[in-house]
Amino acid sequence: MKYGHVPGIDKPISRLVQGSMMISSRDLEGTFALLDAVFEAGCTAFDLAHVYGGGDVERTFGRWVRERGLRDAIVVITKGAHHNQDRRRVTPFDITADLHDSLARLQMDKIDLYLLHRDDPGVSVGPIVEILHEHKSAGLIGAFGGSNWGHTRVRDANAYAAAHGLTPFAASSPQFSLAAMVAPPWEGCVSISGPDGREAREWYAQTGLALFTWSSLAGGFLSGRYRPDNLDSLTEGRDQLVKRSYVSRTNFERLERAQRLAAARGLTLPQVALAYSQNHPLNLFSLVGCRSLAEFADNAVALETPLTAEEIIWLETGEGEIL
């Protein structure tokens, strides 16, 4: 396992961050077994959110941490201020309310990394930075950042923090994969993939800001499930979302090259997809939703798989001869 660091957090953070959508109090035995296994495999960081499971995910995860006595050994990441059907909620009031909800559910006195789950570009960054700085100063969070925040908004937030002597954003959590989005899967989604994401990637590379990227498989498009000859047969809701968001001739060409590279390297297609994101010059942590130790182990192999700059370019564009 590889580890990195984020300012404000004094514990090593595994480059693979285990997600939590599969955590449930309805299956404590299975949930605890999975968490035990990935922790023993070297995972120290876990990604949660205020909205996941209506609070059940945070409560169940907090119970696992307490019963195992692991609070000092792990990095807890959780997110708040998600919009709801009635209004956008990126306000000091909602940030504060969600943070205190999460602390109570987890039964912890501090969140290691607190991310705003969504952005509202219509809201000034000033009050947002001020309230997050206040909570950090009070010891309720170790570091903070934004999930699905564009890099220019993160830049503006950190410029405000610098001008006013406040704590800056320490992390950002956009989508990043070999397959570039054709259309966002949901409103407010921010991706740094493809040609359109180049400016953001360059800014993150220059600043070294920690990136906690999600969906390296592009919603499953890079899993091998989707092919030009079987799209009409894939009609489930999840399939419709993936087809709308990622199906394009260019992405199928990238998929075909990834399959060729996987065969040449003795890897799986998902391993090549994860290795692609991990081999960029970025301070990058990959959010993964493993449902078994075997899946986590496969991702750990990808974490240790080097790709050359030439291979990255070939995967993206087909330019050059690498096979």
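The values are calculated or read from the model by the stated rules, or taken from the named source; none is laboratory data. Because the structure is predicted, anything quoted here is derived from the model rather than measured. Positions of Cβ are generated from backbone atoms using ideal geometry, with glycine treated the same way; all protein chains shown enter the neighbour counts. Note: areas computed on protein heavy atoms with side chains; ligands, DNA, RNA excluded. Shrake-Rupley method; radii C 1.70, N 1.55, O 1.52, S 1.80 Å.
Mind putting a number on the dipole of the chain about its Cα centre? Charges go on the C-beta only, +1 for Lys and Arg and -1 for Asp and Glu, and I need it in Debye to the nearest 20.
Numbers: 32 positive and 39 negative charges, 37 e Å.
Dipole about the Cα centre, nearest 20: 180 debye.
Rank HIS5, HIS82, HIS117 by accessible area, highest first, at a 1.4 Å probe radius? Mind dumping the intermediate values first?
Details: HIS5 115, HIS82 45, HIS117 15 Å².
The residues order as HIS5, HIS82, HIS117, largest area first.
Run down the aspartates and glutamates and flag those whose C-alpha is under 16 Å from the C-alpha of LYS11, throwing out any fewer than 8 positions away in its chain.
In chain and number order, the partners are ASP47, ASP72, ASP112.
Amide H neighbours of TYR3 under 5 Å, counting only residues 5+ apart in sequence or on other chains, H built in-plane at 1.01 Å?
ARG15
Extending each Cα 7 Å along its Cβ direction at ALA163 and ARG71, get the distance between those two points in nm, one decimal.
3.9 nm
Return the single residue from ALA275, ALA294, ALA179 with maximal mean-square fluctuation; model: Gaussian network over the chain, springs between Cα atoms under 10 Å.
Highest fluctuation of the listed residues: ALA294.
Taking the alpha-carbon centroid of each part, what is the distance from segment 127-186 to segment 24-74 in angstrom?
A separation of 25 Å, based on Cα centres.
Could you work out which residue, out of LEU222, LEU99, LEU70, moves most in a Gaussian network model of the chain, that is, has the largest mean-square fluctuation with Cα springs under 10 Å?
Of LEU222, LEU99, LEU70, the most mobile in the Gaussian network model is LEU70.
Multiply the residue gap between TYR3 and ALA205 by 0.36 nm, knock off their C-alpha separation, and tell me the result in nm, one decimal place. Numbers along the way, then the final one.
Working: separation 202, 0.36 × 202 = 72.72 nm, distance 1.78 nm.
Value of the extension gain: 70.9 nm.
Hey, what number do you get for the chain at 222 nm if only DSSP H runs of n ≥ 4 count, each worth -39500 (n - 2.57), divided across all residues, to the nearest 500?
So the calculated ellipticity at 222 nm is -13000 deg cm²/dmol.
Most mobile of PRO121, PRO12, PRO228 per a Gaussian network model of the chain (Cα springs, under 10 Å)?
So, out of PRO121, PRO12, PRO228, the one fluctuating most is PRO228.
Determine the sum of side-chain charges near PRO195: Lys and Arg each +1, Asp and Glu each -1, restricted to other residues whose C-beta is under 11 angstrom from that of PRO195.
Values: positive: ARG198, ARG201; negative: ASP196, GLU199, GLU316.
Its environment carries a net charge of -1.
Please state the charge dipole magnitude for segment 148-238, taken about the Cα centre, from unit charges on C-beta atoms (+1 on K and R, -1 on D and E), reported in debye and rounded to the nearest 20. Intermediate results must be reported in sequence, preceding the final value.
Values: 7 positive and 8 negative charges, 41 e Å.
Around 200 debye, computed over segment 148-238.
Got a sec to turn the phi values of segment 71-82 into Karplus ³J(HN,Hα) couplings, 6.51 cos²θ - 1.76 cosθ + 1.60 with θ = phi - 60°, whole Hz, x for Gly and Pro?
4, 7, 9, 10, 10, 9, 10, 9, 10, x, 6, 6
Quick one: length gained pulling ARG260 to HIS100 fully straight, 0.36 nm per residue minus the C-alpha distance?
Numbers: separation 160, 0.36 × 160 = 57.60 nm, distance 4.86 nm.
The ARG260-HIS100 span can extend by a further 52.7 nm.
On C-alpha positions alone, give me the angle between the axis of helix 92-106 and the longest principal axis of the chain, in degrees, nearest 10.
Taking Cα atoms only, the helix is inclined about 80 degrees.
Towards the positive end of the charge dipole of segment 1-57, with charges on Cβ (+1 Lys, Arg; -1 Asp, Glu), say which of LEU48, PHE32, ILE13 has the farthest Cα.
ILE13
Accessible surface of ILE131 in the full protein assembly, 1.4 angstrom probe, to the nearest 10 Å²?
My reading of the accessible area for ILE131 is about 20 Å².
Apply the Karplus curve 6.51 cos²θ - 1.76 cosθ + 1.60, θ = phi - 60°, to the phi angles in segment 270-285 and return the couplings in whole Hz, x for Gly and Pro.
x, 5, 5, 4, 6, 4, 4, 5, 6, 9, 8, x, 10, 7, 10, 10
Please compute the contact order of segment 76-118 in relative form: average sequence separation of alpha-carbon pairs under 8 Å and at least six residues apart, divided by the residue count, as a percent.
Working: 49 pairs, mean separation 25.5, N = 43.
Computed over segment 76-118, the figure is 59 percent.
Once the piece of chain linking VAL301 and SER137 is laid out straight, how much longer is it, given 0.36 nm per residue of separation minus the C-alpha distance between them? Write down the numbers at each step before the final one.
Working: separation 164, 0.36 × 164 = 59.04 nm, distance 3.86 nm.
Full extension of this stretch gives 55.2 nm more.
Lys and Arg at +1, Asp and Glu at -1: add these up for the other residues within a Cβ distance under 13 Å of ALA180 and post the number. Mind showing how you got there, number by number?
On the way: positive: ARG198, ARG201, ARG249, ARG254; negative: ASP196, GLU253, GLU316.
Result for the neighbourhood of ALA180: +1.
For ILE322 and ARG87, what does the FRET efficiency come to when R0 = 56 Å and r is the distance between their Cβ atoms, rounded to the nearest 0.05? Walk me through the intermediate numbers first.
On the way: r = 50 Å, r/R0 = 0.89.
Efficiency computed from Cβ-Cβ geometry: 0.65.
PHE252: accessible area at probe 1.4 Å, nearest 10 Å²?
30 Å²
Which is farthest toward the positive dipole end of the chain among ALA200, GLY150, ALA81, measuring Cα position about the Cα centre, with Cβ charges +1 (Lys, Arg) and -1 (Asp, Glu)?
Towards the positive end, the residue furthest out is ALA81.
Can you put LYS79, LYS11 in order of accessible area, largest first, using a 1.4 Å probe? Walk me through the intermediate numbers first.
On the way: LYS79 10, LYS11 30 Å².
In descending accessible area the options line up as LYS11, LYS79.
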